[in-house]
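Here's the structure, in structure tokens; my notes come after.
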Amino acid sequence: MTGVQTCALPILKVYDIEGKEVSSFTGKPQTVKPRETTTLTASATLDDIHLWSWGYGYLYRVATRLLVDGKVVDEVMTTT
């Protein structure tokens, strides 16, 4: 596989406390060479969110998916 490059793309979905999707966005696709380490980023501004405060623990779940050449190769769910 030497010399073969792949296109990596991060996709994120944000879910509220009831499991409703409140946002979805993608990062910029990047070409990655074999055995290369890179950092992929994605960001967006979320409107009308519930801010966490002491005594009011509203949490969101963020699903981060990594696509390589159009196929999901990794997925992580984070509660924040």
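The table that follows gives values for the structure above.
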| read-out | value |
| --- | --- |
| Residues of region 49-77 that turn out to be under 17 Å from TYR15 (Cβ atoms), surrounded by 12 or more Cβ atoms within 10 Å (Cβ to Cβ) and among the β-branched types (Val, Ile, Thr), as a count | 3 |
| Residue among LEU9, LEU46, LEU40, LEU59 that is among the hydrophobic types (A, V, I, L, M, F, W, C) and assigned to a strand (DSSP E or B) | LEU9 |
| In region 30-48, the residues that are at pLDDT 90 or above and surrounded by 13 or more Cβ atoms within 10 Å (Cβ to Cβ) | GLN30, LEU40, ALA42 |
| Candidate set from region 1-24 (those that are open to solvent by 40 Å² or more (accessible area, probe 1.4 Å) and under 12 Å from the mean Cα position of the chain (by Cα)); member that is nearest to LEU66 (Cα to Cα) | LEU9 |
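The values are calculated or read from the model by the stated rules, or taken from the named source; none is laboratory data. Since the model is a prediction, treat every value here as computed from it, not as a measurement. Positions of Cβ are generated from backbone atoms using ideal geometry, with glycine treated the same way; all protein chains shown enter the neighbour counts. Side chains are part of the model used for accessible areas, which takes the heavy atoms of the whole protein and leaves out ligands, DNA and RNA. Shrake-Rupley method; radii C 1.70, N 1.55, O 1.52, S 1.80 Å.
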